Amino acid sequence: MVPAQDPGKTSSLNHAIFRYGGLERSDTTAKNIYLTFTGGDFNDGGKWINRVLKRKGVPAHFFFTGDFYRSPENKKLIKKLRKQGHYLGPHSDKHLLYASWTNRDSLLVSKEEFTSDLLNNYKEMAVFGISKQGLPIQKTD
Ligand SMILES: [Zn+2]
């Protein structure tokens with residue numbers, strides 16, 4: 001196991017809160033709400049969420065595992081979300097547990113395992129024309 005960066009240490013910059021080496025909350029003084037959904041083994045509520053977001057004209061962020069992108073039953077939903085302009089990104093190809101919930105200062109995966117898993121997730125996003133930045137892949141010819 002490899003120690004994670006600044007485990008549990010909270011810091012702030014421009015009213016944002018960082019913990020465990022990542023952004024936990026953006027500017028806490030701004031009145032913004034960002035809707036984020038994740039998908040892995042299940043797709044319960046996907047249709048409903050999409051319908052409500054469309055009806056209300058609200059953008060959202062979706063982070064799906066590679067398994068979710070690969071599942072034939074999710075293709076229609078993913079295409080609809082993309083067409084409506086929502087941000088779609090990775091959520092680990094195989095939904096690896098990076099660190100124990102009770103012992104966050106030690107990683108459970110190596111850098112190589114993490115990188116390989118993430119690259120596999122990007123490959124599944126590319127099937128839907130989504131780049132690793134979550135943007136449409138530009139065709140060069
Ligand atoms: Zn997850």
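Would you call Lys111 at pLDDT 95 or above and not small (Gly, Ala, Ser)?
Numbers: at pLDDT 95 or above: yes; not small (Gly, Ala, Ser): yes.
So Lys111 passes the test.
For region 108-136, which residues satisfy the criterion of being open to solvent by less than 80 Å² (accessible area, probe 1.4 Å), free of Cβ contacts under 8 Å to residues at least 12 places away in the same chain and part of a loop (DSSP other than H, G, I, E, B)?
Listed by number, the list holds a single entry, Ser131.
Take the residues in region 83-103 that are within 15 Å of the ligand (Cβ to nearest atom) and either charged (D, E, K, R) or part of a helix (DSSP H, G or I) (or both); name whichever of them is surrounded by the fewest Cβ atoms within 10 Å (Cβ to Cβ).
Top of the filtered list is Lys94.
So if I check each of Lys54, Lys75, Lys80, which one is surrounded by 15 or more Cβ atoms within 10 Å (Cβ to Cβ), basic (Lys, Arg) and in a helix (DSSP H, G or I)? Steps first, please.
Details: Lys54 fails: surrounded by 15 or more Cβ atoms within 10 Å (Cβ to Cβ); Lys75 fails: surrounded by 15 or more Cβ atoms within 10 Å (Cβ to Cβ).
Going through Lys54, Lys75, Lys80 in turn, just one is surrounded by 15 or more Cβ atoms within 10 Å (Cβ to Cβ), basic (Lys, Arg) and in a helix (DSSP H, G or I): Lys80.
Kindly indicate which of Phe37, Phe114 is within 16 Å of the ligand (Cβ to nearest atom) and under 12 Å from the mean Cα position of the chain (by Cα). Spell out the reasoning first.
Details: Phe114 fails: under 12 Å from the mean Cα position of the chain (by Cα).
Answer to the selection: Phe37.
Of all residues in region 11-31, how many are open to solvent by 50 Å² or more (accessible area, probe 1.4 Å) and more than 22 Å from His91 (Cβ to Cβ)?
9
Can you give me the number of residues within region 97-134 that are closer than 25 Å to Arg82 by Cα and among the hydrophobic types (A, V, I, L, M, F, W, C)?
Of the residues in region 97-134, 7 are closer than 25 Å to Arg82 by Cα and among the hydrophobic types (A, V, I, L, M, F, W, C).
Going by the conditions given, is Ile137 of a type in the set (A, V, I, L, M, F, W, C) and closer than 24 Å to Lys56 by Cβ?
Details: of a type in the set (A, V, I, L, M, F, W, C): yes; closer than 24 Å to Lys56 by Cβ: no.
The answer is no for Ile137.
Give the residues of region 57-72 that are in contact with a helix residue (DSSP H, G or I) (Cβ under 7 Å, 6 or more places away or on another chain) and in a helix (DSSP H, G or I), sorted by residue number.
Scanning region 57-72 gives Gly66, Phe68, Tyr69, Arg70.
The values are calculated or read from the model by the stated rules, or taken from the named source; none is laboratory data. Being a predicted model, the structure only gives us computed values, none of them experimental. Note: ideal-geometry Cβ built from the backbone for every residue, glycine included; neighbour counts use all protein chains shown. Surface accessibility is based on the protein's heavy atoms, side chains included, excluding ligands, DNA and RNA. Shrake-Rupley method; radii C 1.70, N 1.55, O 1.52, S 1.80 Å.
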